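Take a look at the structure set out below.
Laboratory data are not the source of any read-out in this text; all were calculated from the coordinates shown. Being a predicted model, the structure only gives us computed values, none of them experimental. Here the Cβ positions follow ideal geometry from the backbone for every residue, glycine too, while neighbour counts run over all protein chains shown.
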Amino acid sequence: MSNSNLQEMGSGKIENFAKSRMSVMRQVLLIAASLVFLAFLGAHFIYPGLIYLALLVGVGLFLYGLTGVCPMALLLQKMPWNRQSACHPSETQKDHCCHL
């Protein structure tokens, strides 16, 4: 494969990733894994008490499995990047709610 073909394939994947939105549960898993990893590193190199951060994440995941309610997902749903807009960005009418 030529270098230009690889660049075209890579740019298409990046554009598709940028256009797609990550689901809230995928965000939860990404944050939970990051917190556990950082808690492990912090407990090993900085302060041993940071391991309780991993315990907190584990308790949250346990509660989600037990009750079906995930506190981190509830918080992430309120974040601006996860809110559903009432207006579709492709609509360009002047009297539309998005355009004042």
Region 23-82, relative contact order in percent, only Cα pairs under 8 angstrom and at least six apart counted: 34 percent
All-pairs Cα distance distribution in region 23-82, expressed in whole percent, bin size 10 Å: 24, 46, 26, 4
Cα→Cβ-extended label distance, 7 Å offset, between Leu56 and Leu35, nm: 0.7 nm
Where labels lie 7 Å past Cα in the beta-carbon direction, separation of Ser23 and Leu66 in nm: 2.5 nm
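Note down the net charge around Leu76, summing +1 for each Lys or Arg and -1 for each Asp or Glu among other residues with Cβ under 14 Å from its Cβ. Write down the numbers at each step before the final one.
Details: positive: Arg21, Arg26, Lys78, Arg83; negative: none.
Summing Lys/Arg as +1 and Asp/Glu as -1 gives +4.
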